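Since every read-out is calculated from the coordinates, none of them should be taken as a lab result. Computed from a predicted structure; not experimentally measured. Note that each Cβ is placed from the backbone with ideal geometry, even for glycine, and that neighbours are counted across all protein chains shown.
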């Protein structure tokens, strides 16, 4: 492992966001902010033993910041304590605070790398606060979609039944979504965030659940930084290639690089929604290509 790790907290409003900072042993070549998706936390990007995309990029010379969203991971307080948090708070408070923190620390534009729903939230935040774009060097998404259009059996089970119905019932009963206890995901979710997320997945319009702000219209006015979207060959529901493309079109990101992670496209194997970030072969497959691209943009 060619980097050092440590944790600290960033105060935002009345709560604290946990950040895992991965620093290379030499002077950083660039700064990266990593944003996780729903029912997970920043650990999707790193491990204490040095596995994961965040660790790989730190070993390649980047200063990497893996955040836990409010109420998740090691952020305080946790959603299981009764702490509630909305999508709008993430979009308008948390992501801007995280981005500005990394930018101020390194005094250079930041690469934003997101998984799944984190990519949607990042796009919404930058669309609503375009003044932040001067602090962004690039935006990378793994399996990010806003709406799920397919009607497969897997979608009806995972999304319609478990996420929408069971998740909503559990959130009403407990005051938060105990996804870990039910082995539905890697982390729990605040009740309001779950409700907002379900509305966006089902809705045709990409508008704010709290005040009706039109993110789709705002996104089409944005001058996006360099973009790269990754889709996994075996990701049939949570980041289906068609849904990712629909999200790209909806937000006016048509100039993006789009890479399909499957053997038919030259990858070492057919990845799924999680394994494209966690499989051991990724370090010999798409991780080096992404790292080289980030280096080119940073110099």
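Here are a few things to note about the model shown:
- Neighbour counting of Cβ atoms within 10 Å sorts the residues 3, 273, fewest neighbours leading, into 273, 3.
- In terms of overall dimensions, the C-alpha atoms belonging to segment 1-141 reach 40, 33, 25 Å along their principal axes, ordered largest to smallest.
- Expected 222 nm ellipticity per residue - DSSP helices of 4 or more, -39500 (n - 2.57), all of the chain, to 500: -8000 deg cm²/dmol
- Normalised size of the chain, defined as Cα radius of gyration per 2.2 N^0.38 Å with N residues, equals 0.93.
- Within the listed set 224, 103, 182, the Gaussian network model of the chain (springs between alpha-carbon atoms below 10 Å) gives the highest mean-square fluctuation for 182.
- Using a Förster distance of 35 Å, the FRET efficiency for residue 234-residue 74 (Cβ separation, nearest 0.05): 0.70
- Segments 110-119, 75-84, 233-242 sorted - mean Cβ within 10 Å per residue, highest first: 110-119, 233-242, 75-84
- Relative to the current alpha-carbon distance between residue 107 and residue 84, full extension at 0.36 nm per residue lengthens the span by 5.0 nm.
- Alpha-carbon gyration tensor eigenvalues x 5, square-rooted, for segment 163-299, Å: 30, 23, 13
- P(r) tail, segment 145-237: Cα-Cα pairs separated by more than 16 Å, 65% of all pairs.
- Ranked list, fewest to most other Cβ atoms within 10 Å of each Cβ, for 147, 173, 257: 173, 257, 147
- Look at 62, 177 and count the other Cβ atoms within 10 Å of each Cβ; fewest to most, that gives 62, 177.
- Bridge orientation summary for the chain: considering DSSP beta bridges with both residues in this region, about 40 percent are antiparallel.
- Residue among 217, 48, 63 with the largest mean-square fluctuation in a Gaussian network model of the chain, springs linking Cα atoms under 10 Å: 48
- Efficiency of FRET from Cβ geometry, residue 1 and residue 203, R₀ 41 Å, rounded to 0.05: 0.40
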